[in-house]
Every structure is written in C-alpha cells, then in structure tokens.
1. Kindly list the number of the only condition in (1) of a type outside the set (A, V, I, L, M, F, W, C); (2) more than 9 Å from chain A (Cβ to nearest Cβ); (3) on the phi < 0 side of the Ramachandran plot that fails for B:G239.
2. Every residue in region B:347-397 that is within 24 Å of A:A68 (Cβ to Cβ), crowded, with 19+ Cβ neighbours inside 10 Å and among the small types (G, A, S), please.
3. Among A:A149, A:A114, A:A108, which is the only one that is of a type in the set (A, V, I, L, M), assigned by TED's automatic domain parsing to the domain that holds A:L75 and surrounded by fewer than 18 Cβ atoms within 10 Å (Cβ to Cβ)?
4. Out of region B:275-288, which residues are at the interface with chain A (Cβ under 7 Å from one of its Cβ atoms) and at pLDDT below 85?
5. Among the helices (runs of 4 or more DSSP H) confined wholly to region A:20-73, which include 3 or more residues that are away from every other protein chain (no Cβ under 12 Å)?
6. Residue by residue through region B:334-349, note down the ones that are in a helix (DSSP H, G or I) and either within 8 Å of another protein chain (Cβ to nearest Cβ) or among the hydroxyl-bearing types (S, T, Y) (or both).
7. Look at region A:135-161 and say how many of its residues are in contact with a helix residue (DSSP H, G or I) (Cβ under 6 Å, 6 or more places away or on another chain), aliphatic (A, V, I, L, M) and more than 14 Å from chain B (Cβ to nearest Cβ).
8. If A:S288 satisfies all but one of (1) of a type in the set (S, T, N, Q); (2) touching a Phe, Trp or Tyr at 6+ places or on another chain (Cβ under 8 Å); (3) under 25 Å from B:T373 (Cβ atoms), what's the number of the condition it fails?
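The values are calculated or read from the model by the stated rules, or taken from the named source; none is laboratory data. Since the structure is predicted, the reported quantities are computational estimates derived from the model, not experimental observations. With ideal geometry, Cβ positions are generated from the backbone for all residues, glycine too; neighbour counts draw on all protein chains shown.
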2 protein chains.
Amino acid sequence: MQTASERPWEELGRIVEARDADALLQFFDTLPQNEAARALSRLPDRRQAEVLAMLGHEEAAELVDGLAIAQAAHLIEELPAAEAAAILHELPSNEQADLLQEIHHPEAEEILSAMDPGEASNVRQLVSYLPTVAGGLMATEYLAFSADATVEEVVEDFRRNAERYVDYEVQYVYVIDAEGRLAGVLQLRDLLLGRGPTSLRELMIREPLSLQELADLEEIQHVFESHAFFGLPVVDAKGRMLGLIRRSDVMAALAERADSAYRKSQGIVGGEELRSMSVWERSRRRLSWLSINIVLNIIAASVIAYYQETLAAVIVLAAFLPIISDMSGCSGNQAVAVSMRELTMGLVHPREVLRTLWSELGVGLINGLTLGTLLGVLAWLWQDNVYIGLVVGGALALNTVIAVSLGGIVPLLVRRLGFDPALASSPILTTVTDLCGFFLTLSFATAMLSRLAT
Amino acid sequence: MQTASERPWEELGRIVEARDADALLQFFDTLPQNEAARALSRLPDRRQAEVLAMLGHEEAAELVDGLAIAQAAHLIEELPAAEAAAILHELPSNEQADLLQEIHHPEAEEILSAMDPGEASNVRQLVSYLPTVAGGLMATEYLAFSADATVEEVVEDFRRNAERYVDYEVQYVYVIDAEGRLAGVLQLRDLLLGRGPTSLRELMIREPLSLQELADLEEIQHVFESHAFFGLPVVDAKGRMLGLIRRSDVMAALAERADSAYRKSQGIVGGEELRSMSVWERSRRRLSWLSINIVLNIIAASVIAYYQETLAAVIVLAAFLPIISDMSGCSGNQAVAVSMRELTMGLVHPREVLRTLWSELGVGLINGLTLGTLLGVLAWLWQDNVYIGLVVGGALALNTVIAVSLGGIVPLLVRRLGFDPALASSPILTTVTDLCGFFLTLSFATAMLSRLAT
C-alpha cells in the first residue's frame with residue numbers, strides 16, 4: 001500500500017525486500033521513466049542489482065536503456081556475468097558497445113565470455129573503435145539485400161522477420177554485392193511504391209553517400225548537416241558495409257561532447273560523477289584535478305611573495321590583487337569559450353593562430369580599457385591617490401588584453417599539441433594570467449613606489 | 001584558376017566579384033560543407049549576402065541549413081525580405097521557426113510579410129512557443145489520414161505527392177478523426193505488409209503515445225529515452241494533432257542546451273558569439289557579463305581592505321589569499337557541475353536541498369582536509385612558523401567545506417527561484433566563497449596575531 005507522502009525509493013526498497021515481482025513490474029509501469037531512474041539510484045548498490053535480477057531480461061534492458069550510461073554501467077557491473085550478458089543481448093549493438101566501454105576491464109571481459117560468441121565478436125569489434133569515430137557510433141543492425149532480390153522477396157523477408165526487425169528502426173534497405181560492398185540504397189517508401197517482380201537493382205539509388213569507418217565526429221556532423229538523411233551506411237576502406245549511423249546517434253554524441261566540455265570546464269574530469277558513487281571515489285576523482293590546480297596556484301602566487309616589500313609599503317594593493325587575477329581569468333575564459341565553439345564548428349582551423357590573435361586583440365583592448373578605467377577610477381577615489389588608480393587600472397587593462405588574446409589562441413595550441421582543449425585550456429590560461437596580473441600590478445607599484453607609499 | 005596554396009575564401013571572393021554563378025555552384029559542390037561554411041564566414045557581410053543571392057533558392061537553403069543558427073540568421077537578415085522568404089520556403093517548418101527566432105524583430109516581421117500567408121501563419125504559431133517545449137521543437141510536416149482510408153488510397157497518395165513528401169522524412173502515418181484528434185499510428189512498414197483494401201482503422205495502433213504541446217525538454221527527453229521511437233506526435237489539450245517531433249531534433253536540442261551551459265559557465269551569455277560579428281558587438285556582449293562580475297569581485301575584496309592592519313602585520317598572507325579564493329572556487333564549481341548534471345538528468349529534485357548538502361559535505365570534508373593540510377604544511381615550512389600553517393591551512397580546509405556544500409545546493413536554489421542555474425550558479429558561488437575565504441584567513445590571523453607577527 002502506497003501513501004501519498006511516501007517517497008518512491010522507499011516503496012521500491014520494500015518491494016525488493018519482499019521479492020514481489022508483480023509489484024515491481026507495476027511499480028515501473030506506473031512511474032515516469034525519470035522518477036524510476038531516480039528511485040533506483042537511491043537504493044544501495046546490492047539492492048539495485050536485485051531489482052534488475054527480479055525483472056525479466058527484456059524489462060531490465062528497457063530500464064537500463066533509460067539510465068545515464070555511467071549509472072547503467074555501474075549497475076550492470078554488480079550483476080553476475082551471465083545475467084549481464086542476457087540483459088545486454090536485448091540492447092542494440094551500439095548500446096552494448098557503449099556500456100561495455102564504461103564497464104571496468106575484468107568485468108567487461110567476463111560479460112563478453114558469457115555472451116553468444118557471434119554477438120560477442122561483433123561487439124568486441126565495435127568496442128575497438130574510438131567512441132567518436134563512425135565505427136564507434138554505428139550499430140550493426142541494418143537490412144541488406146542482393147541487387148537481384150525483388151520487391152516481392154524483400155517484402156516476404158519483412159513478413160517473416162517482422163518480430164526481429166521491430167528493433168532495427170528500419171529506414172533504408174541497403175543493396176550489397178557478393179563481396180559485401182555497398183552498391184545502392186532504397187528508402188522503405190520506394191519498396192511501397194515498387195511493383196512485386198521489380199529487382200532492387202532497378203529501384204536503388206546507386207553510389208549512395210557513405211561514411212568511412214574512421215571518419216571523426218566533426219566530419220560526420222557536417223555530412224548529416226548538409227543532407228537530410230536519417231541514417232548513413234559506414235564502410236571500410238574497400239567499400240564493404242560495416243554498419244549504420246543514425247542521425248539521432250550523431251546528435252546524442254554531440255550532446256555528450258558538449259556536456260563533457262561543460263563538466264571539464266568546471267573541473268569534473270575523468271567522466272561523469274554520480275552522487276550514488278562512494279564519497280571516497282568522488283573525493284579521489286575531484287582531488288586529482290584540484291591537486292594540479294593548487295600547484296599552479298602556488299606558482300602564480302609566488303610572484304606576490306617575491307614582491308613582499310612593495311606590498312608591505314602599499315598594503316591596499318593586496319585587496320586589488322584577487323580582483324585583477326579573477327577578472328582577467330573571466331575575460332580570458334570568454335575567449336576560450338568562443339575559440340572552443342569555433343573549433344567544434346570548424347569555423348577556425350587550429351593553425352589559424354595569428355588570425356585568432358588579431359580578432360581577439362580588438363575585443364581585449366576595448367574591454368581592457370573599460371574595466372581598467374573603471375577599477376582605476378574607483379581605486380583613485382577610494383585612496384585619493386591618482387597613482388594607485390594608474391597602477392591598478394593599468395595592470396588590469398594590460399592584463400585583460402593579454403588574457404583575452406591568450407584565451408583565444410590557447411585552445412588552438414592545445415589542440416595542435418594533441419591534448420583536449422576543453423580540459424587543459426582553462427588551467428593553463430588562468431595560471432598565466434594570474435602570474436602576469438600579479439607581476440604587472442606589483443612591478444608597476446615598485447616603479448612608482450615613492451608616489452604610492454603614504 | 002585555383003592554385004594549391006590559395007585559401008578558399010579568396011577564391012570565393014573572386015567568384016562573387018566576377019558574378020560567375022556556374023563557378024559558384026561548382027565551388028560549393030567540390031568543397032566539404034564545413035570548409036564552405038568557414039569560407040563563407042570570412043567574407044564581408046555584404047559579400048556573403050551576394051553569395052546567397054547568386055545561388056538558386058534551393059541551393060541557398062541547403063547552404064543555410066548547414067550553417068550554425070547564429071551565422072545563418074545573421075546572413076538571412078542581410079537579404080531583401082522577399083529573397084529571404086523564398087529561401088526559408090525551402091526549409092522545414094521547425095527550421096524556419098528557429099531562424100526567425102534568431103533574426104531581429106523588424107527584419108523577421110518583414111520576412112513573414114513576404115512569405116505565403118498560410119506558411120507565415122503556420123510559422124508564427126511555431127515561433128510563439130518557447131524553443132524548449134514540444135511545440136517549439138515540432139515540425140508541422142507530417143502525414144495524417146482518416147481511419148477510413150485504405151492502404152491502396154494511402155499508397156496512391158504517396159505516389160501522387162512523392163515529390164513533396166521527400167522532404168517530410170516520413171516514418172509514421174498518423175490517423176486522425178474528423179475533429180483532427182489523434183486516433184492512431186502506423187509504421188510505414190505496416191503499410192508495406194498490409195493488403196490494398198484494408199482500412200487504416202484495422203492496421204493502426206490505437207491510443208498512440210503523444211506529447212502535450214507544452215511538455216518541456218526534460219520530459220520529452222525521458223519519453224524518447226524510454227521508447228525507441230523515431231518521432232512522436234504533439235497534441236493540444238483536446239488531443240488534436242499539431243505536429244511531429246523527431247528523435248534527432250530532441251538530441252539536437254539537448255546538444256544545444258549543453259553547449260549553452262558550457263558557454264555560460266565560461267562567461268559567454270546571451271547566445272553564441274561568432275568572430276564574424278563586429279568587435280564592438282562582441283565587446284559589448286562580453287562586458288555585460290564582466291561588469292556584473294567586477295562588482296561582485298569588489299564586494300568580496302572589501303573584506304581584505306577591512307583587515308588591512310592584520311595584513312600589514314603579516315604581509316606573507318597576501319600571497320595566500322588568491323590561492324585560497326581560487327582553490328575554493330574550483331572545489332565549489334566541481335559540486336556545481338555535478339548538481340547541474342543531476343538536475344538535467346532528473347536524478348535530483350530542486351527541493352532535495354538537505355540530501356544534496358549532506359552528500360557534498362562528506363566530499364567537502366575529505367578534500368578540505370587534504371588541501372588544507374597540504375597548503376598548511378607548505379606555509380609552515382616556508383615561514384618556519386606553525387601558526388601561519390594553521391591559519392592558512394585551517395582557512396582553506398573550512399572554506400573548501402563551505403564551497404563544496406554550497407556549490408552542491410546553489411544550482412537547486414537558483415532553479416527554485418526560477419533563474420537559469422547554468423548562468424547564475426558560478427558567480428554567486430565564487431562571490432560567497434571569496435568573501436568567506438578572505439574573512440576566515442584574516443580573522444584567524446587577527447586572533448593569532450601575536451604569534452604570527454615577526
């Protein structure tokens with residue numbers, strides 16, 4: 001019995017404890033998908049695995065399919081390998097591969113051993129691709145026929161395999177030759193309009209657009225943006241058909257890339273963090289990033305230690321140092337974001353460093369002068385000393401120009417060095433701008449010391 | 001004549017200047033889509049408009065379709081209204097609406113007036129929805145028939161309208177009653193397998209899943225995640241069919257949301273910035289964000305000004321203040337990113353403040369102790385004064401706990417207040433943690449002043 005005030009995971013917990021399979025099915029049938037995922041994530045790991053075990057494989061697969069990939073992988077890992085393999089069997093090949101890539105190596109190996117050998121070798125092949133190339137995004141469920149097949153024969157095949165094809169999300173029928181090379185494509189609609197004895201050869205569109213197995217996400221995105229196809233076939237270097245990429249999979253990969261760029265910019269690296277992970281695991285992942293950052297911070301701050309005497313003479317500068325370092329960081333990160341966007345969209349090439357530098361220099365000058373004047377005037381009025389204003393405002397203005405110009409080009413340089421610009425750009429940028437900001441302020445102050453000290 | 005070293009936009013510029021329409025078509029046919037977009041973006045605004053004017057409407061629409069929405073809107077604005085309307089006519093309704101939402105009001109109104117009245121009223125309706133609800137994501141191109149229609153009749157209709165339906169990306173055939181209410185759905189495959197005289201009523205799946213016109217992106221996402229449909233019909237409160245949302249449109253909207261969250265976290269607000277915009281426009285957009293930030297920074301730094309005397313007595317603390325403020329900001333932003341992710345995925349409800357606080361407290365304690373100890377020991381060794389270590393390390397440890405706990409709940413609170421958490425969380429968080437960090441360090445130091453001053 002459910003009371004209105006009860007929280008769903010408490011009910012779920014009781015259902016699992018009572019091992020009431022019917023109530024469990026009903027629980028997931030009545031709850032919206034996101035509520036179900038949330039309720040599940042609130043149970044202890046062991047209980048979560050029990051939920052999956054109590055469901056049929058098909059229902060378990062449906063539940064897994066609706067979860068975030070990290071949560072789903074975490075859950076699958078907890079299951080006995082045979083159980084995990086049976087649930088994976090109900091998922092399309094590209095989702096099997098995505099999950100297995102998230103699961104730790106020994107567990108993934110066990111699950112693969114428990115799978116049907118053909119299915120396992122197929123998914124092993126998919127796992128071997130980087131997740132952002134065509135081979136890593138494709139599914140191997142597609143329909144291919146010989147060019148000699150007739151409309152009648154294909155329709156008959158559809159009738160026989162209707163059950164299985166339901167999961168294929170069939171849009172196109174591909175035509176392949178005896179060597180498995182892609183020869184043509186038909187839309188389902190063409191079959192509908194074709195007469196029974198017509199061969200596919202007569203109806204098919206020849207030399208269809210296809211993607212090479214190693215084409216990267218950017219290239220795939222541009223092909224899908226230039227053409228209104230639902231899906232595109234993936235071929236190897238010899239033109240043999242390997243799989244099918246759907247438009248929605250490309251869009252999902254782009255969403256994942258943007259999500260991951262956002263997380264990295266905020267210091268969550270090494271994949272998703274879920275609050276259902278242990279506190280130690282979460283702390284460890286976050287510390288790996290923080291410990292690099294504290295070292296960079298100490299390096300930048302050492303400039304302040306070096307100029308202690310100047311600072312002691314004009315103690316009010318200590319209040320301006322964090323403002324100058326923080327504001328320059330903000331200005332520089334804006335330029336980083338614009339460059340990241342233009343890199344992603346292919347509007348700038350990583351080699352176009354000078355052009356980008358030039359384009360940011362103007363913005364840096366305008367914003368540097370504006371912010372520098374603002375802070376300088378405030379400092380002047382507050383301390384009633386125009387030289388304090390000149391030091392502080394001048395340092396912020398100049399450092400803003402440096403930060404904005406640098407922010408524009410750092411992602412390009414990081415990409416050229418082969419690192420991930422979403423991850424490395426911001427720490428590199430802020431370390432340099434902190435260092436420069438402290439140096440400019442304190443060296444200007446040292447030069448003008450006689451006019452500043454009161 | 002093209003030399004290997006020539007940059008494509010220079011060639012494009014010359015082709016436009018020579019008004020050579022054939023060369024232009026060939027240029028776009030041979031260049032990959034992303035190169036074409038990049039080349040186009042390098043031309044002055046006026047020249048870009050000339051390129052579109054030289055192409056046929058269909059080719060121009062194809063080119064526009066491949067551009068980023070901000071770039072495409074910018075380009076369409078430059079055209080005479082009649083020209084723009086003719087190009088929009090070639091695009092699907094949801095893309096027309098997306099573009100018109102980006103175009104400034106007076107220009108958009110002119111273009112709408114130049115469009116076919118029926119088409120204009122249709123797209124006006126779409127523009128009236130928020131871009132993240134079902135109505136704002138749907139296209140109005142779909143196929144609907146009466147339940148009495150037979151397979152034969154539908155196939156005949158397909159044959160007659162093949163030309164037009166090519167652009168519909170037909171997957172499903174919807175069945176509506178006399179009042180326009182959604183009554184059933186068929187897959188194209190069902191038609192293929194059905195016999196000629198069968199009525200749709202006999203083949204259709206009744207009471208198909210549908211989305212309410214005002215369903216939000218999160219809800220739409222979860223429906224698509226729980227079911228393997230290509231597209232879902234959108235209905236109004238009375239169950240009348242209004243349009244169709246495709247899976248790929250949902251994924252594209254999710255990618256856009258994640259992209260925009262990343263840009264906001266880096267201080268690019270108010271939409272995309274393209275380097276093809278004017279320097280003044282770009283500076284103005286960035287300054288709107290920076291000017292708020294500098295005020296927040298000054299507020300936080302005023303704590304330092306207040307404790308000037310303590311700082312003057314222990315000048316070495318000035319080097320630690322930016323480290324403590326920056327590290328706390330990093331730790332807090334990690335918690336913000338995790339909360340943003342859990343909010344987006346529906347794993348946490350904005351009301352679950354205490355639960356989130358509790359879950360972050362543990363991570364904050366572990367990381368605070370680790371980082372505080374590290375910095376404290378360094379300060380002690382450097383200054384050969386254990387009290388300096390205690391002040392600096394204690395302040396960082398405590399402020400990390402505050403920053404992490406606060407970072408976890410700020411997005412929830414901001415969301416409950418109805419603001420955009422991607423935009424507001426980080427500035428609120430860092431202002432508070434800067435303020436607290438400065439206060440903790442300098443008040444601890446004031447209390448221990450006799451043991452610190454040398």
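1. Exception for B:G239: condition (3).
2. B:S359, B:G364 - these are the residues of region B:347-397 that are within 24 Å of A:A68 (Cβ to Cβ), crowded, with 19+ Cβ neighbours inside 10 Å and among the small types (G, A, S).
3. A:A114
4. B:R275
5. Ranges flagged: A:21-30, A:45-54, A:57-65.
6. Once the filter is applied, which keeps residues that are in a helix (DSSP H, G or I) and either within 8 Å of another protein chain (Cβ to nearest Cβ) or among the hydroxyl-bearing types (S, T, Y) (or both), region B:334-349 yields B:Q334, B:V336, B:A337, B:V338, B:S339, B:M340, B:R341, B:E342, B:T344.
7. So the count comes out to 2.
8. Every condition holds for A:S288 apart from (2).
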